[in-house]
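Peer 1: This is the structure, below, for whatever I ask next.
The values are calculated or read from the model by the stated rules, or taken from the named source; none is laboratory data. Everything quoted here is computed from the prediction, not taken from an experiment. For neighbour counting, all protein chains shown are included, and Cβ atoms are generated from backbone atoms with ideal geometry for every residue, glycine included.
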Amino acid sequence: MIPLQSTITGREEAFDAVREYLHGMEFALGGNWDYEHGSFDRYLDEAHKVWLRLPFEVTHGVLDGDTPETGAIVQFGSPFVLKHIYNEGLDSEAQIRTYGALLDQFSSPLDSDAPVEDKWVKEAKELLHRVESTWLQ
């Protein structure tokens, strides 16, 4: 994980407006969100292993990412680049269960915080600059 300097750090915005804007730039609400915090993630490589992450905390209201309008206000933390190395293929020790089967059939990441090559850091900085320069204008 490599932290990046950004003008969005500390910025407070309406979640709904931010989500709409960032979706237009191919960011997705990260799967690890809850009612109090989350992140917007954008892959940088075709294999979806290198990501630019824009973390946030909910400062007012409650986040419900599945609804069209939440009314929540979020404050952004410091963006960072991260790389996940996945074990390709199925996990031979996966347990059969009705719930969670879609997740548990795949192997765990080999390295959820792998070293990030300079080319991806440069690409992340360029994308972050595009986000900053057109942010909710």
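Peer 1: Which one of 71, 38, 10 is small (Gly, Ala, Ser), at pLDDT 90 or above and not in a strand (DSSP E or B)?
Peer 2: The match here is 10.
Peer 1: To continue, here is another question. Can you give me the number of residues within the range 53-68 that are at pLDDT below 75 and surrounded by 12 or more Cβ atoms within 10 Å (Cβ to Cβ)?
Peer 2: Total meeting the criteria: 1.
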